[in-house]
1. Taking GLY601 as meeting all but one of (1) touching a strand residue (DSSP E or B) at 6+ places or on another chain (Cβ under 7 Å); (2) buried (at least 17 other Cβ atoms within 10 Å of the Cβ); (3) under 24 Å from THR471 (Cα atoms), write down the number of the exception.
2. Would it be correct to say that ALA338 is in contact with a helix residue (DSSP H, G or I) (Cβ under 9 Å, 6 or more places away or on another chain) and either crowded, with 24+ Cβ neighbours inside 10 Å or hydroxyl-bearing (Ser, Thr, Tyr) (or both)?
3. Given the structure, is PHE456 crowded, with 22+ Cβ neighbours inside 10 Å and out of contact with any strand residue (DSSP E or B) (no Cβ under 9 Å at 6 or more places or on another chain)?
4. Testing ILE329 on (1) surrounded by fewer than 24 Cβ atoms within 10 Å (Cβ to Cβ); (2) touching an Asp or Glu at 6+ places or on another chain (Cβ under 8 Å), one condition comes back false. Which one is that?
5. Quick one: count up the residues across the range 217-249 that are of a type in the set (D, E, K, R), within 30 Å of VAL480 (Cβ to Cβ) and either out of contact with any Phe, Trp or Tyr (no Cβ under 7 Å at 6 or more places or on another chain) or modelled with pLDDT under 95 (or both).
6. So which residues in the range 444-471 are closer than 30 Å to ASN569 by Cα and either of a type in the set (Lys, Arg) or in a loop (DSSP other than H, G, I, E, B) (or both)?
7. Quickly run through the range 192-236 and pick out the residues that are without any contact (Cβ under 8 Å) to a residue 24 or more places away in the chain and within 29 Å of ALA613 (Cα to Cα).
8. Scan the range 566-573 and give yes if some residue there is crowded, with 24+ Cβ neighbours inside 10 Å and either within 21 Å of the chain's Cα centre (by Cα) or modelled with pLDDT under 95 (or both), otherwise no.
Amino acid sequence: MTLGNPTKSWHSKSTLTRVGIVLLILFAVPFAFTQKHAAAAQTIAPAEQVIQNLVLVGTSTIQATPLGSGVAQAPEIAADSFGDSSVKGAGVAQAPASPTSIRGHNLPIPSKEAARHSLAANAAVTANAAFPPPEPVVSSDSVVSFQSSGFRGFNGISHVDSRTANNGNQFSIEPPDQGLCAGNGYVMEAVNDAVRVFDTQGNPLTGVQDINSFFHFPAAIVRGTPNQFGPSLSDPKCYFDPQVRRWFVSELMVDSGTNAGATGRSFNLLAVSQTDHPTGAFTIFMYDVTDDGQNGTPNHAGCPCFGDQPLLGTDNFGVFQSTNEYGAISFNGAQIYAISKTQIVAAAASASAPLPVVVHIDASQQLLPFGGLSYTIQPATSPTGGGGVSEPQGGVEYFLSALQFVDTFDNRIAVWAVTNTRSLSGNSPALRLSFAVISSETYGQPNPAVQKAGEFPLGTSLGDTEEFLNTNDDRMNQVVFAGGVLYGGVNSLLNVGGAEQQGIAWFGVRPSFDDRLEGRVVRQGYVAVAGANVFFPSIGVNNTGNGVIAFSMSGTGYFPSAAYVEMVNGNSRPFVHIAAAGQDPEDGFSGYKQFAGATDGIARWGDYSAAVADGERIWFASEYIPKACPSVSSTTTPPCRTVNANWGTSVSAVHP
């Protein structure tokens, strides 16, 4: 692909539903750097570090709440200029309603959006004639009709479940964002905006609880005169740590509701179980990420800000989160947060235990010589709950990130390390951040994905056409550290059999330390299907490198489905298994202009899947469309969907 072909024209059609054109112009010049192509380029990163306070919120359990009817009620869709939606309505578009605060989720990287609108891409390419590399030409994998050994699957949380939780005091939300974790005989799923626990046979052990109540906050919306808006919670992540045998659940929170006690500030939330049973008590913690110089936060440009898509990982000594920091018209790059694992587990179990501190590392500037601000630095989890191998450098947490800063292709990724993590449990944490930029296979910005033609009653009632699915961008997805190798994957535009499709590029990186951090790609590959699209990968493997790459799949012959390929000894097999076949097109509000102001007909999807090793099994989950619903009504109880959305989730396991 070149910048002048139809793919670039397709990109230029997307509307800026989440980032204003002013923001893009501001970033056009900074991101027009020469994209330095350097293998194994490395530096000890002189990143700013700040010690912040962790705050105890309270205790909670996952428990059933009374269900609402699911009948559409105004306001139905949360005000969300930058995120999952942009107006409030009840099955048809209505005028925006309060609150007017930003509700942000999985926002685009400004340099990529600027490039889509020709503000930076040409300058970046002109500055380095050897860049970008050409579009990857790959062979197609085969879609097969059988499952892997030991396969089992069941339906997880659906939009109906989420919308009707807590007496229906919820908004319609797209997309779900998959938080899945498993261990000790339990499977836990968290999505936007609900949570539930199952046994390993798929039997529910709890009811569906809304996320706000689980995290000990007021409901998202209590409709009345006047309406009361609670804090906005989004972007769940979940992990069972086998080392300490505790469950960790994270969310972002923008505390800008009209409820009593609302602070107007932004926080990362972290729930930690008090035992190894997710049906028992959790202790809820939070820390401030507003970064405006108040409440112990650093004073960053363009803030007050919020931390988009908080990611979650652990090593032997710490719990780590990273975010992309956004202000109203600013993007401040990736931020990393570290907390002592033993201390937060102790604080969760006992109210008398001291609270650990939060070490905040500003990692935004490190990749500027390579093309732009750092973004989406994915921390690793491990099948063992620690580093998976003996940790060097006084304890180390590894990360991966992509380096495609504009609307093109790239063949570099970055491996990161936070070292001396043992010091998190001491009185004076002294962490070190380092990174290495390494050569990889080529990957690049994907296009929206088509889906099979079918019935889409909401869109039909609005006079719209069938939606495309948003594949977002080529940021690094979930990372797992197993057998000394970091596995991660990205969405990518690929040439498959002479046609452009959305596919997956995945990487296996072996990090090492001599006198500095180094990384080497020891395994890599693509997942692609001729005539179809695969996107939002998550890799779940055990320490022998056996497991799956889980993802969503759609195309002219496929309704949106949950699918996977096997990983054997750290390499992907060329067979695509459909874990749960979609039964209808995506027909949610987020791609229809009457709701989101979108003129491109692109619906929110994903924004990520999940996969995790649990002893002998690998569990994974993705979004799909579980039921065919030929009609909708805003005045009746939903039989298989609500009037505004029809998504569901598939939870599956294999025995590699």
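The values are calculated or read from the model by the stated rules, or taken from the named source; none is laboratory data. Keep in mind that this is a model prediction, so the values were computed, not measured. No Cβ is skipped: glycine too gets one built from the backbone with ideal geometry, and neighbour counts run over all protein chains shown.
1. (2) is the only condition that GLY601 fails.
2. Taking the combined requirement at face value, the residue satisfies it.
3. yes
4. In the conditions (1) surrounded by fewer than 24 Cβ atoms within 10 Å (Cβ to Cβ); (2) touching an Asp or Glu at 6+ places or on another chain (Cβ under 8 Å), ILE329 misses (2) alone.
5. In the first step, residues of the range 217-249 are kept if they are of a type in the set (D, E, K, R); the result is 223, 235, 237, 241, 245-246.
This time we only want the ones that are within 30 Å of VAL480 (Cβ to Cβ), so: 235, 237, 241, 245-246.
Adding the requirement that they be either out of contact with any Phe, Trp or Tyr (no Cβ under 7 Å at 6 or more places or on another chain) or modelled with pLDDT under 95 (or both) leaves 235, 237, 245-246.
Matching residues across the range 217-249 total 4.
6. Going residue by residue through the range 444-471, those that are closer than 30 Å to ASN569 by Cα are 444-446, 471.
The answer is GLN445, PRO446, THR471.
7. Those that are without any contact (Cβ under 8 Å) to a residue 24 or more places away in the chain and within 29 Å of ALA613 (Cα to Cα): ASP199, ASN203, PRO204.
8. No, the range 566-573 contains no residue that is crowded, with 24+ Cβ neighbours inside 10 Å and either within 21 Å of the chain's Cα centre (by Cα) or modelled with pLDDT under 95 (or both).
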